[in-house]
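Beneath this line is the structure, given in structure tokens, with notes to follow.
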Amino acid sequence: MAYRSLVLGAFASTSLAASVVTPRDPVPPGFVAAPYYPAPHGGWIASWEEAYSKAEALVSQMTLAEKTNITSGIGIFMGNTGSAERLGFPRMCLQDSALGVSSADNVTAFPAGITTGATFDKKLIYARGVAIGEEHRGKGTNVYLGPSVGPLGRKPLGGRNWEGFGSDPVLQAKAAALTIKGVQEQGIIATIKHLIGNEQEMYRMYNPFQPGYSANIDDRTLHELYLWPFAEAVHVGVGSAMTAYNAVNGSACSQHSYLINGLLKDELGFQGFVMSDWLSHISGVDSALAGLDMNMPGDTNIPLFGFSNWHYELSRSVLNGSVPLDRLNDMVTRIVATWYKFGQDKDHPRPNFSSNTRDRDGLLYPAALFSPKGQVNWFVNVQADHYLIAREVAQDAITLLKNNGSFLPLATSQSLHVFGTAAQVNPDGPNACMNRACNKGTLGMGWGSGVADYPYLDDPITAIRKRVPDVKFFNTDGFPWFHPTPSPDDVAIVFITSDAGENSFTVEGNNGDRNSAKLAAWHNGDELVRKTAEKYSSVIVVAQTVGPLDLESWIDNPRVKGVLFQHLPGQEAGESLANILFGDVSPSGHLPYSITKRANDFPDSIANLRGFAFGQVQDTFSEGLYIDYRWLNKQKTKPRFAFGHGLSYTNFSFDATIESVTRLSLVPPARAPKGSTPVYSTEIPPASEAYWPSGFNRIWRYLYSWLNKNDADKAYAVGIAGVKKYNYPAGYSTVQKPGPAAGGGEGGNPALWDVAFRVPVTVKNTGTEFSGRASVQAYIQYPEGIPYDTPIVQLRDFEKTQVLAPGETETVTIELTRRDLSVWDTELQNWVVPGFDGKRYTVWIGDASDRLFTACYTDTGICEGGKVPPV
Ligand code: NOJ
């Protein structure tokens, strides 16, 4: 089946667009990808006005070929986007990864997103964002390809959950927004990715024989879960967005008019530019009409043949009238405006490194058959003192799951025996495996594009040795055959791991996602724990892991005294852990996902990956809003450790009050009309604007936007005569829409961000021995009797105290916005506050999704301690 008919040729009706009804046969009924045209113009939001007017002035001087050149990459391994050098618009450098600067030397390997989420610490998340932004700037990149909030973390086996912040839309949203703020304040454009539904790696990509899988998501679930973090990213002004590889409701994300035009650009009011994920671009005209603004890395989905769906094809499509010039102008204006918005027209450094080699000299066009050579690396050190932030994140993410009899912290006088190869850095070096696609030694990050090179890896055994020089280290994952009987005072520390990544690499049989059996620790880690516990009466388990593990075969063993999750600590895996193990610092990390007792405590749609199917693989989100703790609560299933769980060496008391700030109406007030946007001529430009320059020395596989004179003239003749009309998708229109009621500002209707309630929470360290930091988590419970099914409790905000000495107090403030109290009404196509008329919402305060002990009622303004939510 041709892609076009598969992905765009058919639409079913919804209340959004009750136009053409043509079911897409493989997608289950009820999941629709309604047409949404045209692509909304950018520039109508006041805070972008200046950038857009500068962009308008520049774009109006561009030729057709200059315009099409900057909307595409110049080919895989070649570099980045095309330029309009004549007018001073450079090639833009777009660089991974979500946890730092990838494929470069002299950078910091920050803790991964999942680790950052586990801190539940807004200040640290922001500080990491600032540091990542500084490093990108120092290396001369324009666009940081992060943060990642899709996958959201719906499937515990999902390969790339660790790049994001945890299995909850609010945790993802707040962490992404703070990261974006930190990065963009350094003049680097951040990219929110991947839009949307990329919850497993298997079958994610389109290829000539099979489409990528279809994530089938209903309208309410899309709004309340998966789109939620994107809305927050847009609200803080994110400059770019990346579409996902997969399809949603049958339509490929890179050419999904409802997702890009409808949701992202109109409802969320996104003003930046939208790029495709690498090699996911499968159509020329259709993707342009659907709102895509940039094709990366420029090639078709089979790269390295010098073919592109855009570049010269986009020039042709504009000349022959298939893509309205108006659309191309908007694409280009969005890109140029974003560049101005972040001040990249002024003193922005040019890239000083190559992703293709760490040598000083290398190929200038690495994908070309014959490429000139030159200096490509200047070895600029951008690390500054970022190791301090990296270490603090790694440390404050460490999550103490179990601490029987307050066994931890350890004393340095204790006799320690360490087991497990993960205690020590990979003996071949921390960067021995390309894109970290192996699990050998300390596991500081997963694998794939979301990694960075380690400048060094401070491993746990080195840090432990510094404190306990005669520690015994058994560098093995199997319990030693001949092991002397330990003395009762010997303490064993066992390191276990679990890895995952992008499906461009397969590691130990895991094709990106973890294998279904792989919630077990890798390398027989669970057996190592069990065997060690047979010999030692005191065992501490330390896990370096991309996500939840099945702990059941040993967690109840009384000899396993303590369990710590380091998550993926990045380069600072050693001191950060030792500080916690030996009690210099109390643990304050909290789980960014739940750990269940059995994999099938989740429904099949969550617990398992979608395997092979003829045609398009269908991944139907039939659990709706009920992922992670939402599902477990609904089923009354007790997890082993709930989302948000994390112990400290000390104890805290929480005392809350609640203040009403803004009175809410049922729906947000009417939005303001859109402001004006740049205006250009819509006449088809002369064919000569796309001719090859004479005598140009063409490099094979480099992608260009010029056409042969004959081709350009032919296309122009067709366009001017208007003879051959493109077979436009159903619902196609060129008339700009006023935008939906749910829109009106960046992130949606501005009133969604009004603070409705404020909850100051006074936290006291009630312990006597240890200082520590408390996590304050606020979960909302909707009023009874409302006509919407809602999860019992849902995280809505969180704060973290500073270090509190015994007896010390601090007041942190939780804020709840209109959006936090709303549900997405699929009929009204708007956010509705079901309890606007004084019904009782309960705001639960605690330090885990299953440890909520203070209830604040919005109707009475009273908070009561000692309460237990109905879960
Ligand atoms: C594919 C990944 O999905 C995306 O996250 C990354 O930014 C690009 N490749 C570029 O490496």
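Things to note:
- Sorted largest first, the spans of the alpha carbon positions of region 512-668 along the three principal axes are 60, 55, 34 Å.
- Assuming charge only on the beta carbon of Lys and Arg (+1) and of Asp and Glu (-1), the dipole of the chain about its Cα centre is about 820 debye to the nearest 20.
- Shape of region 627-709, Cα gyration tensor, a/c cut at 1.5: prolate
- In the chain, a dipole from Cβ-located charges (positive for Lys and Arg, negative for Asp and Glu) runs towards its positive end, and of VAL393, VAL585, GLN200 it is GLN200 whose Cα lies farthest in that direction.
- Peptides 223-234, 778-789, 511-522 ordered by average Cβ neighbours within 10 Å, highest first: 223-234, 511-522, 778-789
- Prolate/oblate/rounded call for region 611-657, Cα gyration tensor, a/c under 1.5 rounded: prolate
- Within the accessible area of the chain (1.4 Å probe), percent carbon and sulfur: 53
- Label point distance in nm, THR485-GLN736, each placed 7 Å from Cα along Cα→Cβ: 8.4
- For region 679-835: accessible area per residue (Å², 1.4 Å): 45
- Filter on LYS139/LYS518; LYS122/LYS341; LYS535/LYS597; LYS440/LYS472; LYS181/LYS346; LYS265/LYS634 - keep pairs with C-alpha separation over 27 Å: LYS139/LYS518; LYS265/LYS634
- q = 0.25, 0.32 Å⁻¹, region 395-442: log10 I(q)/I(0) [Debye, one scatterer per Cα]: -1.01, -1.13
- Considering only the Cα atoms of region 318-460, their convex hull presents on average a projected area of 16.6 nm².
- For region 536-676, the solvent-accessible area of protein heavy atoms averages 34 Å² per residue (probe radius 1.4 Å; ligands and nucleic acids excluded).
- Projection of the Cα convex hull of region 434-558, averaged over all directions and equal to a quarter of that hull's surface, yields 8.7 nm².
- Taking all protein chains together and a 1.4 Å probe, the residues GLU66, GLU508 rank GLU508, GLU66 from largest to smallest accessible area.
- In the context of the full set of protein chains, residues of region 93-184 present 11 Å² of accessible surface per residue (probe radius 1.4 Å, heavy atoms only).
- In straight-distance terms, cross-link reach from LYS174 covers every one of the aspartates and glutamates whose alpha-carbon lies under 13 Å from its own, apart from those fewer than eight places away in the same chain; here that gives ASP121, GLU232, ASP797, GLU799, GLU815, ASP820.
- Neighbourhood charge, 9 Å Cβ-Cβ cut-off, centred on GLY237 and excluding it, Lys, Arg +1 and Asp, Glu -1: +1
- Eligible lysines near LYS709 by straight Cα distance, threshold 28 Å, same-chain separation 8 or greater: LYS67, LYS724, LYS725
- Cα gyration tensor shape of region 687-753, rounded if a/c is under 1.5, else prolate or oblate by comparing a/b with b/c: oblate
- For the chain, the list of Cys residues with no other Cys C-beta under 4.7 Å reads CYS93, CYS253.
- Largest accessible area first, the listed residues PHE270, PHE652 line up as PHE652, PHE270 when surface is computed with a 1.4 Å probe on the assembled protein chains.
- Theoretical ellipticity at 222 nm over the chain - DSSP helices of four or more residues, -39500 (n - 2.57) apiece, nearest 500: -5500 deg cm²/dmol
The values are calculated or read from the model by the stated rules, or taken from the named source; none is laboratory data. Bear in mind that the values here come from a model prediction, so they are computed numbers and not experimental data. Cβ coordinates were reconstructed from backbone atoms using ideal geometry, including for glycine residues, and neighbour counts include every protein chain displayed. For accessibility, only protein heavy atoms count, side chains too; no ligands or nucleic acids. Shrake-Rupley method; radii C 1.70, N 1.55, O 1.52, S 1.80 Å.
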